[in-house]
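Take a look at the structure below.
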Amino acid sequence: MSERRPNYLGIVAGAIVFFAWGAIWFTVFSAQWIAAVGKTKEEFAAAGFWPYVISFVAGLLVSYCFDNMLWHYERGNASKGAQVGFLTGVCIFLAMLANLSSFEVRPIALMLIDGGYGVIGFVITGAVVGALRGRATRGAAARAA
């Protein structure tokens with residue numbers, strides 16, 4: 001294993017992709033999501049831009065975590081990143097979401113919408129971070145040779 005260096009390009013790219021994925025997902029499911037949450041569009045609008053800032057920062061943290069996990073593999077690549085994203089999405093994100101949703105007595109539709117966003121988003125983000133980590137690793141190996 002090489003010295004641990006974060007792949008900042010991969011981390012930022014992963015966060016951008018995760019943010020864009022959220023925009024697409026919640027645009028497609030906006031009516032169902034708003035109904036399941038039980039709030040009005042006006043109530044969401046009152047929050048201003050902060051949810052978007054928090055969403056992007058969360059994407060940075062997810063991407064950093066994936067980059068760190070992929071560093072531990074011999075070869076980080078898009079496939080391994082998608083695998084890490086899927087396992088993390090199902091075993092951590094979806095498991096915790098189901099746990100919290102059951103105690104909060106949230107509608108199953110909300111859990112499915114939020115869960116789909118998280119699991120699919122983690123797979124896509126993991127693939128992007130993995131692809132860019134693999135590219136950086138190959139570049140460093142070529143320079144060292």
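The values are calculated or read from the model by the stated rules, or taken from the named source; none is laboratory data. Every value quoted in this text rests on a predicted model; they were computed, and no experiment measured them. Note that each Cβ is placed from the backbone with ideal geometry, even for glycine, and that neighbours are counted across all protein chains shown.
If you check ALA58 against the conditions, is it small (Gly, Ala, Ser) and surrounded by 13 or more Cβ atoms within 10 Å (Cβ to Cβ)? Yes, satisfied. Sort out which residues of the range 24-59 are in contact with a Phe, Trp or Tyr (Cβ under 9 Å, 6 or more places away or on another chain), hydrophobic (A, V, I, L, M, F, W, C) and within 27 Å of GLY126 (Cα to Cα), and write them in order of number. Of everything in the range 24-59, those that are in contact with a Phe, Trp or Tyr (Cβ under 9 Å, 6 or more places away or on another chain), hydrophobic (A, V, I, L, M, F, W, C) and within 27 Å of GLY126 (Cα to Cα) turn out to be TRP25, PHE26, PHE29, TRP33, PHE56, ALA58. As for the range 121-135, it holds at least one residue that is surrounded by fewer than 18 Cβ atoms within 10 Å (Cβ to Cβ), closer than 19 Å to TYR8 by Cα and modelled with pLDDT under 95.
Of the residues making up the range 1-11, those that are surrounded by fewer than 16 Cβ atoms within 10 Å (Cβ to Cβ) and of a type outside the set (Gly, Ala, Ser) are MET1, GLU3, ARG4, ARG5, PRO6, TYR8, LEU9.
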